[in-house]
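Peer 1: I have a structure I would like to understand better, so I am pasting it below and will then ask my questions one at a time.
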Amino acid sequence: DQFAVLWQQAGETVEPDEDKSDVTMRIVETANALLASMAEPIELSAQQAPVLLTVSIGIALYPGDAGDASALLHAAEDAMRSAKAERGNQMRFFDRRYAQNAINWFETEAALRLALEMDELFLLFQPQVDAATGRVVAAESLIRWRHGGEVVPPARFIHVVEATDLAEPVSRWVLNTACRQARQWLDRQHPLRVAVNIFSDHVTSGHLLDDVRQALAATGLPANLLELEVVESSLLKNPDLAAQTLREIKRLGVGLALDDFGTGYSSFGYLKHYPFDVLKIDQLFARNVTRDPEDAAIVRSTIALAHNLGMRVLAEGVETEPQLRFMARYGCDQIQGYLTSRPLDPDVVETLVMERRDLRPAAIGLDRPLHTLLIVEDEPIEAEMLSMLLADAGYAAECVTDFDTALEVMGRKRIDLIISDYYLGPITGVEVLERLRRLFPEVPRIMLS
């Protein structure tokens, strides 16, 4: 009854000369009252539990949002959909930007449905390299869309695929196409494991196991040359079905990787109860691993945990030499990112495999055992004297005067020992060694008093 009264008040005519701000305020007050009236549980009967309802309110104003009743209603409906997208129990005014986004969404969805039929989708492959040798050991298949004479960036369509019923057919297309490509590499005597991203809806659809079997049977690809990558959110919709499906796929001999680890719910139970072979550290952590002690600690702990559980570790988004050196130092098995290679055409990937090329930067020198000391000393003469003494004993020395430069050297080179003077101007040697300890805890440190 209260809702009915408020609804009637909401429909009252606004006076033509009424101030616009007053009108807006009255509308907001009425909308809030409507929301509040629906917040109370509804008692249907003494035998049933109270029912909780939610309401989404969309508001459009004449004549700013629309010039006639029909258009005004459509604008209000657009605003209501925006409120629903915020999980309900919200009110939203009409926003032309949201309306345009909705139009773009529907146009993209319609074009993607045709893309599957018109053969507009294609795959690129980003090499995954061994951190110790720099050689390609696998390649991740990445979907691309050629539409209207241009290649559409993934950021403009992947979210549409994930949020619609296109997720399963597109995921199936990627799986089949990647298996065919891996089979072509194998037929030319260049076997290479291919990693395929599986959309969440496909994992829990009940069809993934059959789709994998059919893809392997149709191409004749050995199961050990296929690896499926799933994200943490895939495991939440139907955990029991996801676990059963992944175990059956694992029995086929197909590899399994947990993608974007650390960015979602990050439950270590995933590592225990699901049969993953590879744990992929998200680029969010790789990006700051040589400057943020917390990120560095997370990566070190994750690598150690995964190895203790018998899993390989792959770091995504590695784009600098210090990041690569850090990952290799702490035993990360594989590297993927723009530092070693961007996504490539299949023929280029095959050439890299055939040539057994080291994709790491030439100057990184990860394979060469070093005996290098880092000297942090702001007095050049003392630094030079100490460096000469150490050189006579067979050690190479890198001399720096401040923490930032020390950090840059630690990222660029393998350092076996850090020696710091106590007096360093604005920051003491104690602070320098403490900061470096948090980032590189295995490197011994000596203080010069």
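The values are calculated or read from the model by the stated rules, or taken from the named source; none is laboratory data. Just so you know, these numbers come straight off a predicted model, no measurement behind them. Glycine also receives a Cβ, built like all others from the backbone with ideal geometry; neighbour counts cover every protein chain displayed. Surface accessibility is based on the protein's heavy atoms, side chains included, excluding ligands, DNA and RNA. Shrake-Rupley method; radii C 1.70, N 1.55, O 1.52, S 1.80 Å.
Peer 1: In the range 178-198, which residues are within 26 Å of Glu109 (Cα to Cα) and open to solvent by 30 Å² or more (accessible area, probe 1.4 Å)?
Peer 2: Across the range 178-198, the qualifying residue is only Asn197.
Peer 1: Every residue in the range 6-49 that is of a type in the set (Val, Ile, Thr) and either at pLDDT 80 or above or touching a helix residue (DSSP H, G or I) at 6+ places or on another chain (Cβ under 9 Å) (or both), please.
Peer 2: Val14, Ile27, Val28, Thr30
Peer 1: Inside the range 298-332, can you point out the residues that are among the β-branched types (Val, Ile, Thr), closer than 18 Å to Asp130 by Cβ and assigned to a loop (DSSP other than H, G, I, E, B)?
Peer 2: Answer for the range 298-332, where residues must be among the β-branched types (Val, Ile, Thr), closer than 18 Å to Asp130 by Cβ and assigned to a loop (DSSP other than H, G, I, E, B): just Val318.
Peer 1: Then there's this: In the range 144-162, is there at least one residue being within 29 Å of Val318 (Cα to Cα), of a type in the set (Gly, Ala, Ser), under 24 Å from the mean Cα position of the chain (by Cα) and open to solvent by less than 70 Å² (accessible area, probe 1.4 Å)?
Peer 2: No, the range 144-162 contains no residue that is within 29 Å of Val318 (Cα to Cα), of a type in the set (Gly, Ala, Ser), under 24 Å from the mean Cα position of the chain (by Cα) and open to solvent by less than 70 Å² (accessible area, probe 1.4 Å).
Peer 1: Find all pairs meeting these conditions: Cβ atoms under 9 angstrom apart; at least six residues apart or on different chains; first residue within the range 142-168 and more than 16 Å from Asn197 (Cα to Cα) and in a helix (DSSP H, G or I); second residue modelled with pLDDT under 90 and β-branched (Val, Ile, Thr).
Peer 2: Arg156/Thr108
Peer 1: So, of the residues in the range 103-161 that are among the polar types (S, T, N, Q) and touching a Phe, Trp or Tyr at 6+ places or on another chain (Cβ under 8 Å), which turns out to be nearest to Thr177 (Cα to Cα)?
Peer 2: Going through the qualifying residues, I end up with Ser141.
Peer 1: Would you mind stating whether Val299 is closer than 22 Å to Leu192 by Cα, out of contact with any His (no Cβ under 9 Å at 6 or more places or on another chain) and either open to solvent by less than 30 Å² (accessible area, probe 1.4 Å) or at pLDDT below 90 (or both)?
Peer 2: no
Peer 1: A further question on this structure: For the range 342-359, check the following and say yes or no: at least one residue is out of contact with any Cys (no Cβ under 7 Å at 6 or more places or on another chain), among the basic types (Lys, Arg) and in a helix (DSSP H, G or I). Break it down stepwise before answering.
Peer 2: So in the range 342-359, the residues out of contact with any Cys (no Cβ under 7 Å at 6 or more places or on another chain) come out as 342-359.
Next, from what is left, pick out any that are among the basic types (Lys, Arg): 342, 356-357.
Narrowing further to those that are in a helix (DSSP H, G or I): none.
Within the range 342-359, not a single residue is out of contact with any Cys (no Cβ under 7 Å at 6 or more places or on another chain), among the basic types (Lys, Arg) and in a helix (DSSP H, G or I).
Peer 1: Looking at Ala76, is it touching a Phe, Trp or Tyr at 6+ places or on another chain (Cβ under 8 Å) and either of a type in the set (Gly, Ala, Ser) or surrounded by fewer than 17 Cβ atoms within 10 Å (Cβ to Cβ) (or both)?
Peer 2: Judged against the criteria, Ala76 is a match.
Peer 1: Pairs under 8 Å by beta carbon, first residue without any contact (Cβ under 8 Å) to a residue 24 or more places away in the chain in the range 111-136, partner open to solvent by less than 60 Å² (accessible area, probe 1.4 Å), six or more apart or different chains?
Peer 2: From the range 111-136, the pairs are Leu114/Glu120.
Peer 1: Please work out which one of (1) within 40 Å of the chain's Cα centre (by Cα); (2) open to solvent by less than 90 Å² (accessible area, probe 1.4 Å); (3) modelled with pLDDT of 80 or more is the condition Asn89 fails and give its number.
Peer 2: It fails just one condition, (3).
Peer 1: Under 7 Å by Cβ, and 6 or more places apart or on different chains, what pairs join a residue from the range 61-90 that is farther than 18 Å from Val23 by Cα with one that is assigned to a helix (DSSP H, G or I) and open to solvent by 40 Å² or more (accessible area, probe 1.4 Å)?
Peer 2: Listed by first residue and then by second, the contacts come to Asp78/Tyr98; Ser82/Tyr98.
Peer 1: Can you say whether Leu186 is over 23 Å from the mean Cα position of the chain (by Cα) and part of a helix (DSSP H, G or I), as far as the supplied structure shows?
Peer 2: yes
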